[in-house]
Amino acid sequence: MLRWRRAFQSTAPALDEEHARLLELFNFVQAQGNLRREADLPELNRVIGELIDYAVAHFAREEQLMAEVGYPDLAAHALLHEDLRTDLFAVLRPLVAGEIPVPTFLRLTRGAFLKHFMNADYHFVRWARSHSCPPHLERRLTLRNADN
Ligand SMILES: [Fe+2]
Ligand SMILES: [Fe+2]
């Protein structure tokens with residue numbers, strides 16, 4: 001288990017709440033991996049599905065927030081999200097097929113996410129605090145439908 005630490009924080013509650021949840025989901029995957037038996041596979045797959053859904057939704061919400069405050073590095077940041085997503089999906093198939101164990105899956109994915117929180121996301125928060133409206137960083141992230 002990897003505990004949420006101050007070093008992972010971007011100082012924006014809006015982001016940190018979701019980052020902490022992502023770490024929690026990685027930890028759920030780890031916990032399932034530790035007690036892996038045939039009977040636990042559906043639960044492992046469920047937790048992995050939740051992690052993937054949450055990661056994809058988090059990236060979308062974060063990019064929308066960046067668009068709202070006019071972050072100039074949004075396009076570059078979105079490419080970093082794309083890389084994280086691609087790498088996550090790449091190790092997903094062998095994990096679900098039982099070709100790589102859970103610890104290998106975690107080694108190949110979790111660290112890259114934490115590094116992203118501490119570097120690219122923190123960079124955004126610093127920019128937002130000096131250029132834009134802090135309230136955006138405090139409120140909960142929501143994804144507004146473009147139609148309404
Ligand atoms: Fe993030
Ligand atoms: Fe990000």
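Before moving on, here are some points about what is shown:
So that you can scan it fast, the table gives a plain yes or no per residue for (1) buried (at least 16 other Cβ atoms within 10 Å of the Cβ); (2) modelled with pLDDT of 85 or more; (3) within 12 Å of ligand 2 (Cβ to nearest atom); (4) part of a helix (DSSP H, G or I):
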site: A76; (1), (2), (3), (4): no, yes, yes, yes
site: P103; (1), (2), (3), (4): no, yes, no, yes
site: R107; (1), (2), (3), (4): no, yes, no, yes
site: Y122; (1), (2), (3), (4): yes, yes, yes, yes
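- Cβ-Cβ contacts under 9 Å between residues 6 or more apart (or on different chains), taken from a first residue in the stretch 46-61 that is closer than 21 Å to R139 by Cα and within 12 Å of ligand 2 (Cβ to nearest atom) to a second residue that is part of a helix (DSSP H, G or I) and of a type in the set (D, E), are listed as H58/E18; F59/E82; R61/E18.
- Residue that is farthest from ligand 1 (Cβ to nearest atom) [pool: residues in the stretch 83-92 that are of a type outside the set (A, V, I, L, M) and either surrounded by 14 or more Cβ atoms within 10 Å (Cβ to Cβ) or in contact (Cβ under 8 Å) with a residue 40 or more places away in the chain (or both)]: D87
- Criterion: within 13 Å of the chain's Cα centre (by Cα), in contact (Cβ under 8 Å) with a residue 60 or more places away in the chain and assigned to a helix (DSSP H, G or I) - qualifying residue of L65, L114, L80, L25: L114
- Given (1) farther than 26 Å from L141 by Cα; (2) part of a loop (DSSP other than H, G, I, E, B), number of the condition Q30 does not satisfy: (2)
The values are calculated or read from the model by the stated rules, or taken from the named source; none is laboratory data. Predicted model only: the values in this text are computed from it and were never measured. Reconstructed Cβ throughout: ideal geometry from the backbone, glycine too, with neighbour counts over all protein chains shown.
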